[in-house]
Amino acid sequence: MNVDRGRCMYCGGCVGVCPHQALELKEVLLSVDSDKCTGCGICAKFCPVGAIRGGVE
Amino acid sequence: MTDYDVDVAVVGAGPAGSVVALELARRNVRVLVLEKRQEIGAPKRCAEGISAPSLQQLGLELDSRWVAQKIVATRLYSPKMREVTIAPKGLLGYILERKIFEKYLAAEAIKHGAKYLVKTTVTDVIKEDGRVAGVKAQSWGEEITVRAKIVIAADGVDSMTAKRAGIDTVNKLGDYHSGFQYEMAGVNADIDKLHIFIGSTIAPKGYVWIFPKGNTMANVGIGILGDKSADGARAKDLLDRFIEGNPRFFAGASPIEANGGGIPVNISVKTFVADGFMIIGDAAQQVNPIHGGGIALAMSAARMAAKVAAEALTAGDYSRERLLAYENEWKKTDGAEIQRILKLRHFVEKLDDNDLDSLVDVLSGDDVLRLMDGDNKFLLKVLLTKAPKLLSLARKFLQ
(Lines give C-alpha, C1' and ligand atoms only; values in the text may rest on other atoms or scores of the structure.)
Protein backbone atom coordinates (compact mmCIF):
# COMPACT_ATOMS: atom_id res chain seq x y z
CA MET A 1 0.00 0.00 0.00
CA ASN A 2 1.50 3.32 -1.04
CA VAL A 3 0.14 6.80 -0.50
CA ASP A 4 0.30 9.21 -3.43
CA ARG A 5 1.11 12.35 -1.52
CA GLY A 6 0.27 14.53 -4.48
CA ARG A 7 -3.32 13.35 -4.35
CA CYS A 8 -3.95 12.54 -0.69
CA MET A 9 -6.25 15.14 0.89
CA TYR A 10 -5.32 14.22 4.47
CA CYS A 11 -9.02 13.92 5.30
CA GLY A 12 -8.53 10.76 7.36
CA GLY A 13 -11.49 8.93 5.82
CA CYS A 14 -9.38 5.84 5.08
CA VAL A 15 -8.14 5.68 8.67
CA GLY A 16 -11.72 5.35 9.80
CA VAL A 17 -12.41 2.28 7.66
CA CYS A 18 -9.11 0.40 7.94
CA PRO A 19 -9.78 -2.84 9.95
CA HIS A 20 -6.11 -3.35 10.84
CA GLN A 21 -5.21 0.04 12.36
CA ALA A 22 -2.57 0.20 9.65
CA LEU A 23 -3.17 3.82 8.72
CA GLU A 24 -2.38 6.96 10.67
CA LEU A 25 -2.96 10.56 9.67
CA LYS A 26 0.23 12.56 10.10
CA GLU A 27 -0.97 15.84 8.62
CA VAL A 28 1.16 17.56 6.00
CA LEU A 29 4.69 16.29 5.57
CA LEU A 30 7.83 18.44 5.90
CA SER A 31 10.52 16.90 3.76
CA VAL A 32 14.29 17.26 4.30
CA ASP A 33 16.55 16.77 1.31
CA SER A 34 19.47 14.93 2.93
CA ASP A 35 21.68 15.71 -0.09
CA LYS A 36 21.37 19.44 0.63
CA CYS A 37 21.09 19.56 4.44
CA THR A 38 24.38 20.42 6.16
CA GLY A 39 23.03 20.00 9.69
CA CYS A 40 23.68 23.68 10.50
CA GLY A 41 20.64 23.67 12.81
CA ILE A 42 19.27 27.12 11.90
CA CYS A 43 15.84 25.69 11.11
CA ALA A 44 15.82 23.71 14.37
CA LYS A 45 16.69 26.81 16.38
CA PHE A 46 13.96 28.82 14.69
CA CYS A 47 11.09 26.29 14.85
CA PRO A 48 8.32 27.86 17.01
CA VAL A 49 7.34 24.50 18.47
CA GLY A 50 10.62 22.54 18.52
CA ALA A 51 9.57 20.06 15.87
CA ILE A 52 12.96 19.72 14.18
CA ARG A 53 15.78 17.80 15.86
CA GLY A 54 19.21 16.37 15.08
CA GLY A 55 21.95 17.05 12.53
CA VAL A 56 22.67 15.65 9.09
CA GLU A 57 20.68 12.54 8.34
CA MET B 1 0.15 15.78 -18.90
CA THR B 2 -1.99 18.93 -19.06
CA ASP B 3 -0.49 22.07 -20.52
CA TYR B 4 -1.56 25.65 -19.95
CA ASP B 5 -0.52 28.70 -21.91
CA VAL B 6 -1.34 32.00 -20.21
CA ASP B 7 -0.12 35.58 -19.99
CA VAL B 8 0.64 35.45 -16.28
CA ALA B 9 1.06 32.52 -13.89
CA VAL B 10 0.67 33.43 -10.20
CA VAL B 11 2.12 31.05 -7.61
CA GLY B 12 0.10 31.18 -4.39
CA ALA B 13 -3.48 32.28 -3.67
CA GLY B 14 -3.01 34.32 -0.50
CA PRO B 15 -3.90 38.03 -0.38
CA ALA B 16 -0.92 38.93 -2.62
CA GLY B 17 -1.66 36.28 -5.24
CA SER B 18 -5.40 36.88 -5.44
CA VAL B 19 -5.12 40.67 -5.54
CA VAL B 20 -2.55 40.53 -8.34
CA ALA B 21 -4.82 38.07 -10.16
CA LEU B 22 -7.84 40.33 -9.63
CA GLU B 23 -6.02 43.44 -10.85
CA LEU B 24 -4.66 41.60 -13.90
CA ALA B 25 -8.04 40.06 -14.72
CA ARG B 26 -9.62 43.52 -14.49
CA ARG B 27 -7.17 44.51 -17.26
CA ASN B 28 -8.24 41.51 -19.38
CA VAL B 29 -4.98 39.64 -18.81
CA ARG B 30 -5.22 35.83 -19.01
CA VAL B 31 -4.06 34.77 -15.55
CA LEU B 32 -3.75 31.36 -13.88
CA VAL B 33 -3.26 31.06 -10.09
CA LEU B 34 -1.68 27.89 -8.72
CA GLU B 35 -2.40 27.11 -5.07
CA LYS B 36 -0.53 24.35 -3.26
CA ARG B 37 -3.13 23.85 -0.54
CA GLN B 38 -6.42 22.06 -0.99
CA GLU B 39 -8.23 24.98 0.63
CA ILE B 40 -7.48 28.63 -0.03
CA GLY B 41 -7.17 30.51 3.27
CA ALA B 42 -6.42 27.54 5.52
CA PRO B 43 -4.43 27.00 7.59
CA LYS B 44 -3.93 30.67 8.37
CA ARG B 45 -0.48 31.95 9.32
CA CYS B 46 -1.58 35.33 10.53
CA ALA B 47 -3.21 37.34 13.32
CA GLU B 48 -5.75 38.64 10.76
CA GLY B 49 -5.53 42.34 11.60
CA ILE B 50 -5.72 45.01 8.88
CA SER B 51 -6.03 48.78 9.05
CA ALA B 52 -9.17 50.47 7.77
CA PRO B 53 -7.39 52.49 5.01
CA SER B 54 -5.55 49.40 3.74
CA LEU B 55 -8.77 47.50 3.33
CA GLN B 56 -10.56 50.47 1.75
CA GLN B 57 -7.86 50.74 -0.94
CA LEU B 58 -9.04 47.41 -2.31
CA GLY B 59 -12.37 48.94 -3.24
CA LEU B 60 -14.33 45.97 -1.92
CA GLU B 61 -17.58 46.31 -0.09
CA LEU B 62 -17.10 45.04 3.47
CA ASP B 63 -18.87 41.80 4.12
CA SER B 64 -19.81 40.50 7.57
CA ARG B 65 -18.82 37.03 6.40
CA TRP B 66 -15.14 37.98 6.53
CA VAL B 67 -15.02 40.96 8.90
CA ALA B 68 -14.90 39.29 12.32
CA GLN B 69 -14.48 42.40 14.46
CA LYS B 70 -14.18 46.17 14.16
CA ILE B 71 -11.23 47.65 16.07
CA VAL B 72 -11.11 51.23 17.40
CA ALA B 73 -7.87 51.29 19.39
CA THR B 74 -4.65 49.55 20.43
CA ARG B 75 -3.92 48.98 24.11
CA LEU B 76 -0.20 48.67 24.79
CA TYR B 77 0.90 46.88 28.01
CA SER B 78 4.41 47.44 29.39
CA PRO B 79 6.44 44.71 31.15
CA LYS B 80 4.92 45.85 34.48
CA MET B 81 1.48 45.83 32.87
CA ARG B 82 1.16 49.59 32.72
CA GLU B 83 -1.20 50.53 29.92
CA VAL B 84 -1.54 53.17 27.26
CA THR B 85 -4.49 53.18 24.88
CA ILE B 86 -3.85 54.40 21.36
CA ALA B 87 -7.01 55.51 19.59
CA PRO B 88 -6.86 57.09 16.14
CA LYS B 89 -9.63 59.33 14.91
CA GLY B 90 -12.28 57.06 13.50
CA LEU B 91 -11.87 53.35 13.02
CA LEU B 92 -8.44 51.72 13.45
CA GLY B 93 -9.18 48.61 11.43
CA TYR B 94 -10.60 45.12 11.38
CA ILE B 95 -9.87 41.58 12.41
CA LEU B 96 -10.60 39.46 9.37
CA GLU B 97 -11.77 35.90 9.07
CA ARG B 98 -9.02 35.08 6.60
CA LYS B 99 -10.28 31.65 5.68
CA ILE B 100 -13.30 33.39 4.18
CA PHE B 101 -11.58 36.62 3.12
CA GLU B 102 -9.03 34.82 0.95
CA LYS B 103 -11.70 32.78 -0.78
CA TYR B 104 -13.67 35.98 -1.31
CA LEU B 105 -10.63 37.65 -2.93
CA ALA B 106 -10.21 34.61 -5.16
CA ALA B 107 -13.89 34.82 -6.07
CA GLU B 108 -13.46 38.46 -7.09
CA ALA B 109 -10.54 37.49 -9.33
CA ILE B 110 -12.47 34.56 -10.80
CA LYS B 111 -15.52 36.75 -11.50
CA HIS B 112 -13.21 38.98 -13.53
CA GLY B 113 -11.86 36.04 -15.56
CA ALA B 114 -8.92 34.64 -13.57
CA LYS B 115 -8.49 30.85 -13.46
CA TYR B 116 -7.42 28.95 -10.33
CA LEU B 117 -6.02 25.52 -9.57
CA VAL B 118 -5.89 24.12 -6.01
CA LYS B 119 -3.83 21.20 -4.71
CA THR B 120 -1.24 22.21 -7.26
CA THR B 121 2.36 22.54 -6.09
CA VAL B 122 4.87 24.32 -8.29
CA THR B 123 7.97 22.13 -8.56
CA ASP B 124 10.18 24.26 -10.82
CA VAL B 125 10.35 27.33 -13.01
CA ILE B 126 10.83 26.90 -16.74
CA LYS B 127 13.75 28.94 -18.04
CA GLU B 128 14.43 29.68 -21.69
CA ASP B 129 17.49 31.68 -22.75
CA GLY B 130 17.94 32.72 -19.12
CA ARG B 131 14.42 34.13 -18.76
CA VAL B 132 11.52 32.67 -16.82
CA ALA B 133 8.95 31.29 -19.26
CA GLY B 134 6.56 29.38 -17.01
CA VAL B 135 6.40 26.79 -14.25
CA LYS B 136 6.16 23.05 -13.82
CA ALA B 137 3.78 21.81 -11.14
CA GLN B 138 2.26 18.74 -9.55
CA SER B 139 -1.51 19.07 -9.83
CA TRP B 140 -3.47 16.33 -8.10
CA GLY B 141 -0.36 14.17 -8.37
CA GLU B 142 0.14 14.74 -12.11
CA GLU B 143 2.83 16.86 -13.67
CA ILE B 144 1.55 19.90 -15.54
CA THR B 145 3.35 22.56 -17.54
CA VAL B 146 2.24 26.18 -17.41
CA ARG B 147 3.78 28.43 -20.03
CA ALA B 148 3.55 32.12 -19.12
CA LYS B 149 5.00 35.39 -20.34
CA ILE B 150 5.37 36.50 -16.72
CA VAL B 151 5.48 34.37 -13.56
CA ILE B 152 4.59 36.12 -10.28
CA ALA B 153 5.75 34.42 -7.08
CA ALA B 154 3.29 35.06 -4.24
CA ASP B 155 4.05 31.87 -2.35
CA GLY B 156 4.75 33.24 1.11
CA VAL B 157 7.70 33.05 3.47
CA ASP B 158 8.41 29.49 2.40
CA SER B 159 8.57 30.55 -1.24
CA MET B 160 10.61 28.16 -3.36
CA THR B 161 9.68 29.81 -6.64
CA ALA B 162 11.88 32.89 -6.24
CA LYS B 163 14.83 30.72 -5.26
CA ARG B 164 14.28 28.53 -8.30
CA ALA B 165 14.22 31.68 -10.42
CA GLY B 166 17.62 32.61 -9.00
CA ILE B 167 16.66 35.27 -6.42
CA ASP B 168 17.84 34.76 -2.83
CA THR B 169 14.86 35.15 -0.49
CA VAL B 170 16.35 33.36 2.52
CA ASN B 171 15.50 35.04 5.85
CA LYS B 172 18.16 35.48 8.54
CA LEU B 173 17.46 34.62 12.21
CA GLY B 174 18.16 38.23 13.25
CA ASP B 175 15.58 39.58 10.81
CA TYR B 176 12.90 36.94 11.09
CA HIS B 177 10.32 36.46 13.83
CA SER B 178 9.39 33.02 15.04
CA GLY B 179 5.62 33.12 15.38
CA PHE B 180 3.11 30.97 17.17
CA GLN B 181 -0.58 31.58 17.78
CA TYR B 182 -3.68 30.02 19.19
CA GLU B 183 -7.11 31.04 18.16
CA MET B 184 -8.83 30.75 21.53
CA ALA B 185 -12.36 30.89 22.89
CA GLY B 186 -13.25 32.10 26.37
CA VAL B 187 -10.85 35.06 26.19
CA ASN B 188 -11.74 38.02 28.39
CA ALA B 189 -10.39 41.19 26.75
CA ASP B 190 -11.97 44.41 25.45
CA ILE B 191 -13.41 43.30 22.17
CA ASP B 192 -12.86 46.46 20.13
CA LYS B 193 -9.14 46.83 20.85
CA LEU B 194 -5.89 45.20 19.84
CA HIS B 195 -3.96 44.18 22.97
CA ILE B 196 -0.16 44.30 22.65
CA PHE B 197 2.22 43.11 25.39
CA ILE B 198 5.91 44.00 25.30
CA GLY B 199 8.89 43.00 27.41
CA SER B 200 12.07 40.96 27.23
CA THR B 201 10.68 38.12 29.36
CA ILE B 202 7.27 38.09 27.69
CA ALA B 203 8.56 38.14 24.11
CA PRO B 204 12.26 38.89 23.50
CA LYS B 205 12.53 41.47 20.69
CA GLY B 206 8.91 40.88 19.79
CA TYR B 207 5.48 41.01 21.36
CA VAL B 208 2.43 39.06 22.43
CA TRP B 209 -0.91 39.97 20.92
CA ILE B 210 -4.59 39.43 21.59
CA PHE B 211 -6.72 40.25 18.53
CA PRO B 212 -10.41 39.76 19.41
CA LYS B 213 -12.71 38.11 16.90
CA GLY B 214 -16.05 38.21 18.75
CA ASN B 215 -17.99 35.73 20.89
CA THR B 216 -14.97 35.51 23.31
CA MET B 217 -12.78 34.27 20.47
CA ALA B 218 -9.41 35.87 19.75
CA ASN B 219 -6.12 35.28 18.02
CA VAL B 220 -3.60 35.04 20.85
CA GLY B 221 -0.09 34.95 19.50
CA ILE B 222 3.56 35.75 19.88
CA GLY B 223 6.46 36.75 17.66
CA ILE B 224 10.03 36.64 18.93
CA LEU B 225 13.20 37.37 17.02
CA GLY B 226 14.50 34.12 15.52
CA ASP B 227 17.91 34.35 17.15
CA LYS B 228 16.21 34.55 20.58
CA SER B 229 14.43 31.24 20.00
CA ALA B 230 15.91 28.39 22.06
CA ASP B 231 14.90 25.13 23.71
CA GLY B 232 12.42 25.88 26.48
CA ALA B 233 12.04 29.47 25.24
CA ARG B 234 10.52 28.98 21.84
CA ALA B 235 7.57 30.98 20.65
CA LYS B 236 5.11 28.32 21.82
CA ASP B 237 6.82 27.94 25.23
CA LEU B 238 6.67 31.68 25.85
CA LEU B 239 3.08 32.01 24.73
CA ASP B 240 1.98 29.09 26.91
CA ARG B 241 3.72 30.78 29.87
CA PHE B 242 2.06 34.10 29.12
CA ILE B 243 -1.39 32.52 28.95
CA GLU B 244 -0.75 30.59 32.19
CA GLY B 245 0.43 33.76 33.93
CA ASN B 246 -2.47 35.99 32.91
CA PRO B 247 -5.75 34.53 34.19
CA ARG B 248 -7.18 38.06 33.91
CA PHE B 249 -7.50 37.37 30.18
CA PHE B 250 -7.36 33.61 29.93
CA ALA B 251 -9.12 32.00 32.93
CA GLY B 252 -11.43 29.48 31.33
CA ALA B 253 -10.05 30.01 27.81
CA SER B 254 -9.07 27.15 25.50
CA PRO B 255 -7.51 26.95 22.06
CA ILE B 256 -9.71 26.15 19.06
CA GLU B 257 -6.87 26.32 16.52
CA ALA B 258 -3.06 26.59 16.46
CA ASN B 259 -0.90 28.37 13.89
CA GLY B 260 2.81 28.79 13.37
CA GLY B 261 4.98 30.71 11.00
CA GLY B 262 7.91 32.90 10.15
CA ILE B 263 7.60 36.67 9.88
CA PRO B 264 10.22 38.71 7.97
CA VAL B 265 11.02 41.96 9.81
CA ASN B 266 13.59 43.33 7.39
CA ILE B 267 13.91 43.42 3.62
CA SER B 268 17.03 41.54 2.62
CA VAL B 269 15.80 40.50 -0.84
CA LYS B 270 18.02 42.37 -3.30
CA THR B 271 15.53 42.57 -6.14
CA PHE B 272 11.88 41.71 -6.79
CA VAL B 273 12.21 41.13 -10.53
CA ALA B 274 14.04 39.09 -13.17
CA ASP B 275 13.35 38.54 -16.86
CA GLY B 276 9.73 37.34 -16.99
CA PHE B 277 9.52 37.16 -13.21
CA MET B 278 8.24 39.15 -10.21
CA ILE B 279 7.95 38.51 -6.44
CA ILE B 280 5.26 40.01 -4.19
CA GLY B 281 4.12 39.78 -0.57
CA ASP B 282 5.75 37.71 2.17
CA ALA B 283 7.85 35.95 -0.48
CA ALA B 284 9.49 39.34 -1.11
CA GLN B 285 9.65 40.03 2.67
CA GLN B 286 7.20 42.93 2.23
CA VAL B 287 6.20 43.07 5.90
CA ASN B 288 5.97 45.92 8.40
CA PRO B 289 9.14 45.52 10.52
CA ILE B 290 7.65 46.91 13.73
CA HIS B 291 4.37 45.01 13.95
CA GLY B 292 4.94 42.19 11.48
CA GLY B 293 1.73 42.87 9.55
CA GLY B 294 1.88 41.74 5.94
CA ILE B 295 -1.62 41.65 4.42
CA ALA B 296 -1.79 45.36 3.56
CA LEU B 297 1.74 45.56 2.12
CA ALA B 298 1.18 42.36 0.15
CA MET B 299 -1.98 43.73 -1.44
CA SER B 300 -0.36 47.09 -2.10
CA ALA B 301 2.63 45.48 -3.85
CA ALA B 302 0.22 43.24 -5.77
CA ARG B 303 -1.54 46.30 -7.20
CA MET B 304 1.77 47.88 -8.25
CA ALA B 305 3.00 44.63 -9.79
CA ALA B 306 -0.26 44.09 -11.70
CA LYS B 307 -0.12 47.53 -13.26
CA VAL B 308 3.48 47.07 -14.41
CA ALA B 309 2.87 43.49 -15.62
CA ALA B 310 -0.18 44.56 -17.64
CA GLU B 311 1.78 47.39 -19.26
CA ALA B 312 4.67 45.04 -20.02
CA LEU B 313 2.25 42.60 -21.69
CA THR B 314 0.79 45.39 -23.82
CA ALA B 315 4.29 46.43 -24.85
CA GLY B 316 5.36 42.81 -25.46
CA ASP B 317 8.41 43.40 -23.28
CA TYR B 318 8.81 41.18 -20.18
CA SER B 319 12.43 42.00 -19.52
CA ARG B 320 13.84 42.71 -16.08
CA GLU B 321 14.41 46.32 -17.16
CA ARG B 322 10.73 46.74 -17.97
CA LEU B 323 9.51 44.99 -14.79
CA LEU B 324 11.85 47.10 -12.66
CA ALA B 325 9.17 49.81 -12.83
CA TYR B 326 7.33 47.81 -10.14
CA GLU B 327 10.37 47.59 -7.89
CA ASN B 328 11.17 51.29 -8.33
CA GLU B 329 7.61 52.35 -7.56
CA TRP B 330 7.62 50.10 -4.49
CA LYS B 331 10.91 51.53 -3.22
CA LYS B 332 9.54 55.07 -3.53
CA THR B 333 6.36 54.26 -1.59
CA ASP B 334 6.05 51.22 0.72
CA GLY B 335 9.79 50.59 0.65
CA ALA B 336 10.63 54.07 1.91
CA GLU B 337 8.13 53.67 4.74
CA ILE B 338 9.56 50.26 5.66
CA GLN B 339 13.07 51.73 5.85
CA ARG B 340 11.84 54.39 8.29
CA ILE B 341 9.99 51.82 10.40
CA LEU B 342 13.05 49.55 10.35
CA LYS B 343 15.07 52.23 12.12
CA LEU B 344 12.36 52.44 14.76
CA ARG B 345 12.47 48.65 15.17
CA HIS B 346 16.21 48.72 15.75
CA PHE B 347 15.75 51.46 18.36
CA VAL B 348 12.92 49.65 20.16
CA GLU B 349 14.97 46.42 20.24
CA LYS B 350 17.64 48.23 22.25
CA LEU B 351 15.22 49.27 25.00
CA ASP B 352 15.25 47.31 28.25
CA ASP B 353 12.16 46.59 30.34
CA ASN B 354 12.66 49.69 32.51
CA ASP B 355 12.80 51.86 29.40
CA LEU B 356 9.62 50.28 28.08
CA ASP B 357 7.81 50.79 31.40
CA SER B 358 8.78 54.45 31.57
CA LEU B 359 7.91 55.07 27.91
CA VAL B 360 4.45 53.59 28.36
CA ASP B 361 4.12 55.91 31.37
CA VAL B 362 5.09 59.09 29.57
CA LEU B 363 3.88 58.61 26.01
CA SER B 364 0.31 59.51 25.17
CA GLY B 365 -1.77 57.41 22.82
CA ASP B 366 -1.40 60.07 20.15
CA ASP B 367 2.39 60.00 20.57
CA VAL B 368 2.51 56.27 19.93
CA LEU B 369 0.15 56.64 16.98
CA ARG B 370 2.58 58.94 15.19
CA LEU B 371 5.52 56.70 16.06
CA MET B 372 3.83 53.68 14.51
CA ASP B 373 3.56 55.64 11.28
CA GLY B 374 7.36 55.79 11.17
CA ASP B 375 7.50 59.50 12.09
CA ASN B 376 11.01 59.20 13.54
CA LYS B 377 11.68 62.92 13.76
CA PHE B 378 8.65 63.16 16.01
CA LEU B 379 10.06 60.41 18.22
CA LEU B 380 13.23 62.42 18.80
CA LYS B 381 11.13 65.47 19.64
CA VAL B 382 8.90 63.62 22.08
CA LEU B 383 11.86 61.89 23.76
CA LEU B 384 13.57 65.24 24.22
CA THR B 385 10.69 66.46 26.38
CA LYS B 386 9.46 63.20 27.94
CA ALA B 387 12.36 60.74 28.19
CA PRO B 388 15.62 62.59 27.57
CA LYS B 389 17.81 59.73 28.80
CA LEU B 390 16.81 57.72 25.73
CA LEU B 391 17.59 60.52 23.32
CA SER B 392 21.19 59.63 22.49
CA LEU B 393 20.23 55.99 21.89
CA ALA B 394 17.38 57.10 19.63
CA ARG B 395 19.64 59.46 17.70
CA LYS B 396 22.05 56.60 17.04
CA PHE B 397 19.40 54.42 15.42
CA LEU B 398 17.05 56.91 13.83
CA GLN B 399 19.39 59.24 12.02
Original post:
What tally of residues in the range B:239-272 results from selecting those that are in a loop (DSSP other than H, G, I, E, B) and within 14 Å of another protein chain (Cβ to nearest Cβ)?
Top reply: 1
Original post:
What are the residues in the range B:184-213 that are more than 14 Å from every other protein chain (Cβ to nearest Cβ) and open to solvent by less than 10 Å² (accessible area, probe 1.4 Å), if any?
Top reply: B:Met184, B:His195, B:Phe197, B:Gly199, B:Ile210, B:Pro212
Subject >> Matching residues in the range B:288-315 - criterion: being open to solvent by less than 10 Å² (accessible area, probe 1.4 Å) and touching an Asp or Glu at 6+ places or on another chain (Cβ under 6 Å) >> reply: B:Ala306
Subject >> Residue selected from the range B:128-159 under the condition assigned to a loop (DSSP other than H, G, I, E, B) and open to solvent by 70 Å² or more (accessible area, probe 1.4 Å), by the criterion modelled with the highest pLDDT >> reply: B:Asp129
Subject >> Test for B:Val125: is it modelled with pLDDT under 90 and of a type in the set (Val, Ile, Thr) >> reply: no
**OP:** For the range B:93-120, enumerate the residues that are assigned to a strand (DSSP E or B), over 18 Å from the mean Cα position of the chain (by Cα) and surrounded by 18 or more Cβ atoms within 10 Å (Cβ to Cβ).
**Re:** B:Tyr116, B:Leu117, B:Thr120
**OP:** Confirm whether B:Lys236 is outside any strand (DSSP E or B) and over 20 Å from B:Ile224 (Cα atoms).
**Re:** no
Original post:
Which condition breaks for B:Asp282 when tested against (1) closer than 15 Å to B:Ala153 by Cα; (2) charged (D, E, K, R); (3) modelled with pLDDT under 90?
Top reply: (3)
Subject >> Matching residues in the range B:220-231 - criterion: being in a strand (DSSP E or B) and either under 15 Å from the mean Cα position of the chain (by Cα) or within 9 Å of another protein chain (Cβ to nearest Cβ) (or both) >> reply: B:Gly221, B:Ile222, B:Gly223, B:Ile224
Original post:
Across the range B:347-399, what is the number of residues that are of a type in the set (Val, Ile, Thr) and in contact with an Asp or Glu (Cβ under 6 Å, 6 or more places away or on another chain)?
Top reply: 1
Original post:
Which pairs do you get when a residue that is hydroxyl-bearing (Ser, Thr, Tyr), found in the range B:46-59, comes within reach of a residue that is in a loop (DSSP other than H, G, I, E, B), reach meaning Cβ atoms under 7 angstrom, with the pair 6+ apart or on two chains?
Top reply: B:Ser51/B:Leu92
Original post:
Hey, among the residues in the range B:160-174 that are outside any loop (DSSP other than H, G, I, E, B), within 12 Å of chain A (Cβ to nearest Cβ) and under 18 Å from the mean Cα position of the chain (by Cα), which one's surrounded by the most Cβ atoms within 10 Å (Cβ to Cβ)?
Top reply: B:Leu173
Original post:
Do we have B:Lys332 as within 29 Å of B:Leu225 (Cβ to Cβ) and at pLDDT 90 or above here?
Top reply: yes
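The values are calculated or read from the model by the stated rules, or taken from the named source; none is laboratory data. Computed from a predicted model, the values in this text were never measured in an experiment. Please note: Cβ atoms are built from the backbone with ideal geometry, for glycine as well, and neighbour counts cover all protein chains shown. Accessible surface is based on the protein model in full, side chains and every heavy atom, while ligands, DNA and RNA are left aside. Shrake-Rupley method; radii C 1.70, N 1.55, O 1.52, S 1.80 Å.
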